[in-house]
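Student: After the structure tokens below, expect a handful of questions from me.
The values are calculated or read from the model by the stated rules, or taken from the named source; none is laboratory data. All values derive from a computational prediction rather than experimental measurement. Because the Cβ atoms are built from the backbone with ideal geometry, glycine has one as well, and the counts that use them run over all protein chains shown. SASA here: full protein model, heavy atoms, side chains in, ligands and nucleic acids out. Shrake-Rupley method; radii C 1.70, N 1.55, O 1.52, S 1.80 Å.
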Amino acid sequence: MLNFSLSMPTAIRFGKGEVNQVGEIVAEYAKKVLLVTGRSSTKKTGSLNKVTSSLDKAGVAYVLFDRIEPNPRATTIDEAGRIAKEENCELILALGGGSAMDAAKAIATVALSGRPIHEYIRGNKTGKWKELLPIKEALPIITVPTLAATGSEANSGAVITNWETKEKSGIGGPALFPKVAILDPELTYTVPANYTADGAADMFTHLYEGYMTGDENANVQDEITEGLMRNAIIYAPKAVANPENYDARAHLLWTSTLALIGLANAGRGGTFPVHAIEHTLSAHYDISHGRGLAILTPAYFELVVKQDRPHRLARLGRNVFRIQEDNDDKAANETIKALIHWYKEIGSYGTLSELGIKREDLRMMAEETVRVSGVDGYLNATRKLSADDILKIYEACFE
Ligand code: NZQ
Ligand code: ZN
């Protein structure tokens, strides 16, 4: 096991009806907040109403910013940051999926520093991020997730897209840990089947990335990972089949939070290559992050992990999918088949061409992945992946 330091400072409030406590909780930190949401779901589902009623009851004033798009954009964040500053908001309250929560973290940064968020995006051509990351100062943040997927509710990362330059990358730092994450599984009842499935694919990917690329002598972390993977696999089909199954929604939401809270990768390390390969797709084509991951994963397992660490795929298959096969190479093949079966069962399976991605863009996007997310011209995975290696993965997922 590697040496590590771990901080999980976000307080968690979990359970049915917890959303109604948001006003009281926020009042401990601020008298006036910027309430950040996506463009429509929180109004349609009534979750916005629940939050604003609770804020009113607790005497917390709020300014609503309801224009965050999926794959949140730098220009929108800069505008919201300006508003938060002008309105003297003391805290950023996020209600929504990963996009609203990531945006809230970026807005909390911009509102304090006055700098455009693009300067913080890793891999941007100005190179300013090298001085600005990790982020040490931001307004306090509280999160109320409405979708189980990213784990953004209790971690210190955010992913932002500069739509003009098509650079999508992470920002992060200790100041971005939310003070409190209010997890009410009933808020996720209205998530449609496609986003429920894509969210499950996302949490599964958060779990396997470090498991495949990290140190192999970290059994505590590996078993935590395998347990969380099993929960994603068991409960995603239940939530897709019955959106108001409280247990399924509760297990998915808690799995998504734990999958990316730092716990599983502390002492194991590892990298997130499939995330980097996907982020280029959503930066150029605005696709669902989880769907992109589900499409890329079988090809990454086949072309990269199976060659370099077949025994890790075999272990995943045996411990997560209960595959009974002693030979590692055969078990690795069965793992990939079992995973594809699960993606198909929940409805998060497909090809890049089905998402409207053009074949002629694949090489450019492979090169962009290495530029924006790589180190010295390569992406670190189970080995160093070149743009040519990434192109092969894209091509294998094309049709
Ligand atoms: O935008 P609105 O109108 O709110 O609708 C959203 C959006 O259309 C809708 N939705 C959310 N909750 C709902 C709901 N619809 C009905 N009922 C509800 N309760 O779902 C759609 C997708 O929402 P979005 O927030 O974009 O999805 P997700 O949570 O998957 O977040 C994706 C973003 O997070 C980043 C991704 O790259 C992407 O930009 N990530 C953030 C991470 C982090 N901070 O740790 C890690 C991840 O790996 C990921 O990269
Ligand atoms: Zn992800």
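Student: Given the residues Glu360, Glu399, which is the only one that is assigned to a helix (DSSP H, G or I) and open to solvent by 60 Å² or more (accessible area, probe 1.4 Å)? Break it down stepwise before answering.
Tutor: On the way: Glu399 fails: assigned to a helix (DSSP H, G or I).
Of the residues listed, the single one that is assigned to a helix (DSSP H, G or I) and open to solvent by 60 Å² or more (accessible area, probe 1.4 Å) is Glu360.
Student: Among the residues of the stretch 101-123, is there at least one that is out of contact with any Asp or Glu (no Cβ under 6 Å at 6 or more places or on another chain), in the same structural domain as Asn71 (by TED's automatic domain parsing), more than 16 Å from ligand 1 (Cβ to nearest atom) and modelled with pLDDT under 95?
Tutor: no
Student: Quick one: Asn71 ticks every box in (1) away from ligand 2 (no atom under 16 Å from the Cβ); (2) surrounded by 20 or more Cβ atoms within 10 Å (Cβ to Cβ); (3) at positive phi except a single one, so which number is it?
Tutor: Result: Asn71 passes all but (1).
Student: Sticking with this structure for a sec: Which condition from (1) in the same structural domain as Val36 (by TED's automatic domain parsing); (2) within 14 Å of ligand 2 (Cβ to nearest atom) is the one that Leu207 breaks?
Tutor: Leu207 satisfies every listed condition except (1).
Student: Please tell me if Glu278 is surrounded by fewer than 21 Cβ atoms within 10 Å (Cβ to Cβ), within 30 Å of Pro174 (Cα to Cα) and either touching a Lys or Arg at 6+ places or on another chain (Cβ under 8 Å) or of a type in the set (D, E, K, R) (or both).
Tutor: No: the conditions fail for Glu278.
Student: Looking at the structure I just gave you, is Thr280 more than 16 Å from ligand 1 (Cβ to nearest atom) and among the polar types (S, T, N, Q)?
Tutor: No; evaluated as a whole, the condition is false for this residue.
Student: Given the options Tyr394, Tyr300, name the one that is touching a Pro at 6+ places or on another chain (Cβ under 9 Å) and either in a loop (DSSP other than H, G, I, E, B) or crowded, with 22+ Cβ neighbours inside 10 Å (or both).
Tutor: Of the residues listed, the single one that is touching a Pro at 6+ places or on another chain (Cβ under 9 Å) and either in a loop (DSSP other than H, G, I, E, B) or crowded, with 22+ Cβ neighbours inside 10 Å (or both) is Tyr300.
Student: Within the stretch 1-41, can you find the residues that are under 25 Å from Ala250 (Cβ atoms), of a type in the set (Ser, Thr, Tyr) and touching a Leu at 6+ places or on another chain (Cβ under 7 Å)?
Tutor: Thr37
Student: Mind listing whichever residues of the stretch 1-49 are under 30 Å from Asn219 (Cβ atoms) and of a type in the set (S, T, N, Q)? Write out each step before concluding.
Tutor: So the first thing to find is which residues in the stretch 1-49 are under 30 Å from Asn219 (Cβ atoms), and the list is 1-12, 14.
Result: Asn3, Ser5, Ser7, Thr10.
Student: Could you check Asp376 against (1) without any contact (Cβ under 8 Å) to a residue 60 or more places away in the chain; (2) over 30 Å from Asn242 (Cβ atoms); (3) open to solvent by less than 70 Å² (accessible area, probe 1.4 Å) and say which number it fails?
Tutor: (3)
Student: Looking at (1) surrounded by fewer than 24 Cβ atoms within 10 Å (Cβ to Cβ); (2) more than 9 Å from ligand 1 (Cβ to nearest atom); (3) touching a residue at least 60 places away in the same chain (Cβ under 8 Å), can you tell me which one Tyr189 breaks?
Tutor: That leaves (2) as the condition not met.
Student: Given the criterion out of contact with any helix residue (DSSP H, G or I) (no Cβ under 8 Å at 6 or more places or on another chain) and modelled with pLDDT of 95 or more, identify the matching residue among Gly262, Gly157.
Tutor: Gly262 is the lone residue from the list that is out of contact with any helix residue (DSSP H, G or I) (no Cβ under 8 Å at 6 or more places or on another chain) and modelled with pLDDT of 95 or more.
Student: Any idea which residue in the stretch 240-260 is nearest to ligand 2 (Cβ to nearest atom), counting only those that are aliphatic (A, V, I, L, M) and open to solvent by 20 Å² or more (accessible area, probe 1.4 Å)?
Tutor: Leu260
Student: Looking at this structure, is Asn49 polar (S, T, N, Q), away from ligand 2 (no atom under 16 Å from the Cβ), in a helix (DSSP H, G or I) and modelled with pLDDT of 95 or more?
Tutor: Values: polar (S, T, N, Q): yes; away from ligand 2 (no atom under 16 Å from the Cβ): yes; in a helix (DSSP H, G or I): yes; modelled with pLDDT of 95 or more: yes.
Judged against the criteria, Asn49 is a match.
Student: Starting from residues that are in contact with a Lys or Arg (Cβ under 6 Å, 6 or more places away or on another chain) and surrounded by 21 or more Cβ atoms within 10 Å (Cβ to Cβ), keep the ones in the stretch 215-239 and report whichever is nearest to Thr188 (Cα to Cα).
Tutor: The qualifying residue nearest to Thr188 (Cα to Cα) is Ala239.
Student: Filter the stretch 1-28 for residues that are part of a loop (DSSP other than H, G, I, E, B) and β-branched (Val, Ile, Thr) and give the result.
Tutor: Correct list: Thr10 only.
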